[in-house]
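Where a number appears in this text, it was derived from the coordinates with a stated rule and is not lab data. The shown structure was predicted, so the numbers you read here are calculated from the model rather than taken from an experiment. Here Cβ is always computed from backbone atoms with ideal geometry, including for glycine, and neighbour counts include all displayed protein chains.
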Amino acid sequence: MKTIAKTDVKPIRILILELVKEGIATHTNEIVLNIQGLRRGVKPHSVRARLSEAVLKRELRRLKEGVYDIYREVEINSVVDYPQRGPWGDSQYRGNFSGFLVRDLFFQLKQKSVLDVFEGSGTTKDFFNGLKRAKEVTVDYVGLDLKKGFDVVSDKIEGKYDLIIAHFPYFNIIKYSENATDLSNCDDYSTFIRNIELAMRNIHSALADDGTIAVVIGDVRRNGRYYAIFNDIINMSVGVLRSVVIKKQNNCRSTGMNYRKNKYLIPIAHEYVLLFSKN
Ligand SMILES: C[S@@+](CC[C@H](N)C(=O)[O-])C[C@H]1O[C@@H](n2cnc3c(N)ncnc32)[C@H](O)[C@@H]1O
C-alpha cells in the first residue's frame, strides 16, 4: 500500500473542499490515503462511497465557510477564465457557459432583477436559486428561450429588467433545434447579424433605465474567413458600450478544421462579454 509522508499531507478538510470546489479528481486518492493513514484497513471504495453520499446529502455544505464558498464575491478584470463551470446548468448542453461568469457579473453589477433571454440549460436560473439558498440573496429572475416558445427576434419582451444576459448562439456552429426561427439555423451571415440586431433592439427595449445588457458572444471562422461577431454587435449602436471582457473558452469541441493547412488559422480560444448600459 502506498503511504504519504506526514509533511506532504494536506488536512483532509482542505482536500475535500478543493475536491468539491475545483473537482480535482486526484484528491480522492489523497483523501483515501489520508484516511487509511488514520484508520488502517479502511477500504478505498468505502471512503469513496461515503464521500459521494456526503456530497449528495449536501453535508459538505457545512464546510463551506472558509475555502469552499462558490457564492463568494470575487473581483474581476477584463480577462476571465473559468476552467470549472460549477454545479449550475447542464454541462452536456452544448455551448453552455460557466455559472461563475453569472456570479461575477452579478457581484460586479449588483442588480435586482435579471432576465436571461437564452436560458438554455438554466445555468443562470440555477445560480440565482443557489444564491438564495446559500446567502439568502433574492433576485427576481426570468428565463426565456426558444425552447420555452419565446423568440427573441420577434416576440416582445414583457417587463423591465436591471440585468439582461444574452448568450447568443455561436452563429450556426451548434444547432439547437430544427426550428426555422432558431438563430443557430441561420446559415447566411448577414441574415444572422440582421436577426441579432433585431434581438438586441428588443432586449434594449426591456432594459430598466439604470440597467445593463451583458452579451456573451464568440467569433467564428467560415471557409477560412474570420467573422468578428462582437465587432458587428458593437457597431449596431444599441445602448452604450461600457466594458469588454475577454473570456477564455474552455472545453469547446474542435471545429474539425485542419489548422496546419493555413497560416492564419489560429484556433479561437476566447469569447467576449460586452456590457452595455441603456444611455
Ligand atoms: C449559447 S446557448 C445558451 C446557453 C446557456 N447560457 C447555458 O448555460 O445553458 C443559446 C440558446 O439560444 C437559444 N435560441 C436560439 N435561437 C433563439 C431565438 N430566436 N429566440 C430565443 N432563444 C433562441 C437556443 O435554444 C439556446 O438555448
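Tabulated results
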{"read-out": "Within straight-line cross-link reach of residue 43, aspartates and glutamates at Cα separation under 14 Å, skipping those fewer than 8 residues along the same chain", "value": "30"}
{"read-out": "Footprinting exposure proxy for 98, 277, 78 (fewest neighbouring C-beta atoms within 10 Å first)", "value": "78, 277, 98"}
{"read-out": "Computed log₁₀ I(q)/I(0) - Debye formula, equal Cα scatterers, no solvent, segment 177-221, q 0.19 Å⁻¹", "value": "-0.72"}
{"read-out": "Gained length - residue 160 relative to residue 185, 0.36 nm times residue gap less alpha-carbon distance", "value": "6.1 nm"}
{"read-out": "Residue exposure sequence - 187, 104 - by fewest surrounding Cβ within 10 Å", "value": "187, 104"}
{"read-out": "5 Å-binned pair-distance histogram of segment 143-200 (Cα, whole percent)", "value": "4, 17, 31, 28, 12, 7, 1"}
{"read-out": "Over 25 Å (Cα to Cα) - which of 132/160; 125/175; 132/156; 175/278; 112/148; 135/156 fall in this group", "value": "132/156; 175/278; 135/156"}
{"read-out": "Relative pair counts by distance (%), Cα atoms of segment 79-277, 5 Å bins", "value": "1, 7, 16, 20, 22, 18, 9, 4, 2, 1, 0"}
